[in-house]
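Engineer: Before I ask anything, here is the structure I am working with.
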Amino acid sequence: MQAINSKKAVMIGCGFVGSASVFALMQSGLFTEIVLIDADKGKAEGEAMDISHGIPFARPMKIYAGDYDDVADAAIVIISAGAGQKPGETRLDLVNKNVAIFKSIIPEVAKRNFSGIMLVVANPVDILTQVAAKLSGLPENRVIGSGTVLDSARLRYKLGEHLAVDSRSVHAFIVGEHGDSEVVAWSSANVSGVPLSEICEMRGHYNHKENTKEIAEAVKNSAYEIINRKHATYYGIAMSVKRICEVIMRDEKSILPVSHMIHGIYGIEGVSLSMPVIVGADGVESDIPINLNGEEAVKLKNSADSLKAIMDTIEL
């Protein structure tokens, strides 16, 4: 097995999400080598050239188009390849198209004895994370999906706006599916340790039920809203990819709601979805016991069941 080059990342799929993510990673200085792989080699070359021209304003690194042999010694392989969500389409509508694409990609990565972290970004991310884990044969902790990292960021942004406080001081998670059955863990949300209902009243907001419903809907529908206006979402997810890579490369042991295989939390078994976990150099280290009230726990179980039902229809 080849030694891992801890400063090397590979992006498979150079569409909007893949390219925007590489652009964010170029500015982060986390890597000294980023390889772009795409079914359309010319597209990968063009994106690599374009992004490379920003290097004089960042830090020295190599960004180039490559092939599957380049994954052998990579620390992280990010997979954003797949059909994008079209207006009117749900993430789950993409299942069969993208599972077929993963069946051609993941075995190629596995063949190279890849021993780093696999980060799945393509949608439906929970299903595809589980598919990637099965097809790659990698340990479950090393196959993670971007999950609800972006949804939780959208939630924190909206709450920050609502309360007129810095969104970085807002601690709130969306759990479950990255999609229509996602669950806002309102019962554990706080702003720097102060319970949400308390800080809302402090800031002059008293219609908790209406406000939380409105914010949850806005977060859930934000991808649809963006897709209707500009046909794709990519900057928010690019920043999420950068954040996940930072946590892994620096072994930060930060808590992120990434998609990963769940075993026994809230009665959920053997399905991949998002719950907060400690993330470090080895990927998922351990689950964080997040408090959910009865209604939230039921919704989370329903979210898991809907993903499981789809997973059962997929032949691998």
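The values are calculated or read from the model by the stated rules, or taken from the named source; none is laboratory data. Keep in mind it's a predicted model, so treat the numbers as computed, not measured. Don't worry about glycine lacking a Cβ; one is built from the backbone with ideal geometry, like all the others, and counts go over all protein chains shown.
Engineer: Taking the conditions exactly as written (closer than 21 Å to Ser169 by Cα and either without any contact (Cβ under 8 Å) to a residue 24 or more places away in the chain or not charged (D, E, K, R) (or both)), does Ser222 satisfy them or not?
Structural biologist: No.
Engineer: Then there is this: Considering only the stretch 69-92, state which residues are out of contact with any strand residue (DSSP E or B) (no Cβ under 7 Å at 6 or more places or on another chain) and either more than 21 Å from Gly176 (Cβ to Cβ) or not β-branched (Val, Ile, Thr) (or both).
Structural biologist: Asp69, Ala72, Gly82, Ala83, Gly84, Gln85, Lys86, Pro87, Gly88, Glu89, Arg91, Leu92
Engineer: I'd like the residue in the stretch 66-91 that is part of a loop (DSSP other than H, G, I, E, B) and small (Gly, Ala, Ser) and, out of all such residues, is surrounded by the fewest Cβ atoms within 10 Å (Cβ to Cβ).
Structural biologist: Ranking the qualifying residues of the stretch 66-91, first place goes to Gly88.
Engineer: From (1) assigned to a loop (DSSP other than H, G, I, E, B); (2) polar (S, T, N, Q); (3) at pLDDT 95 or above, pick out the condition that doesn't hold for Asn291.
Structural biologist: (3)
Engineer: State the number of residues belonging to the stretch 256-276 that are over 13 Å from the mean Cα position of the chain (by Cα) and under 20 Å from Ser187 (Cα atoms).
Structural biologist: Of the residues in that region, 4 qualify.
Engineer: What about His205, is it closer than 30 Å to Ala83 by Cα and part of a loop (DSSP other than H, G, I, E, B)?
Structural biologist: no
Engineer: Just to be sure before I move on: is Ser306 in contact with a helix residue (DSSP H, G or I) (Cβ under 9 Å, 6 or more places away or on another chain), at pLDDT below 95 and of a type in the set (Gly, Ala, Ser) in the structure I sent?
Structural biologist: yes
Engineer: Sort through Ile237, Ile268 and tell me the only one that's more than 15 Å from Lys308 (Cβ to Cβ), in contact (Cβ under 8 Å) with a residue 12 or more places away in the chain and in the same structural domain as Leu155 (by TED's automatic domain parsing).
Structural biologist: The conditions single out Ile237.
Engineer: Which residues, taken from the stretch 291-316, are among the hydrophobic types (A, V, I, L, M, F, W, C) and under 15 Å from Ser259 (Cβ atoms)?
Structural biologist: Once the filter is applied, which keeps residues that are among the hydrophobic types (A, V, I, L, M, F, W, C) and under 15 Å from Ser259 (Cβ atoms), the stretch 291-316 yields Leu300, Ala304, Leu307, Ile310, Met311.
Engineer: Let me ask something additional. Need pairs with beta-carbon distance below 9 Å; first residue closer than 20 Å to Ser272 by Cβ and within the stretch 242-257, second outside any helix (DSSP H, G or I) and basic (Lys, Arg); sequence gap 6+ or separate chains.
Structural biologist: These pairs meet every condition: Val247/Lys253.
Engineer: For residues in the stretch 138-187 being among the aromatic types (Phe, Trp, Tyr) and surrounded by 19 or more Cβ atoms within 10 Å (Cβ to Cβ), which is farthest from the chain's Cα centre (by Cα)?
Structural biologist: Trp186
Engineer: Here is a follow-up. Can you say whether Ala185 is among the small types (Gly, Ala, Ser), in contact with a strand residue (DSSP E or B) (Cβ under 7 Å, 6 or more places away or on another chain) and in contact (Cβ under 8 Å) with a residue 40 or more places away in the chain, as far as the supplied structure shows?
Structural biologist: Answer is yes for this residue.
Engineer: Of the residues Glu198, Glu252, Glu177, which single one is farther than 28 Å from Val10 by Cα, of a type outside the set (Lys, Arg) and in the same structural domain as Glu295 (by TED's automatic domain parsing)?
Structural biologist: Glu198
Engineer: Considering only the stretch 10-33, state which residues are in a helix (DSSP H, G or I) and among the aromatic types (Phe, Trp, Tyr).
Structural biologist: Phe16, Phe23, listed by residue number.
Engineer: Can you name the residue in the stretch 277-297 that is more than 17 Å from the chain's Cα centre (by Cα) and of a type outside the set (S, T, N, Q) and, of all such residues, is surrounded by the fewest Cβ atoms within 10 Å (Cβ to Cβ)?
Structural biologist: Gly294
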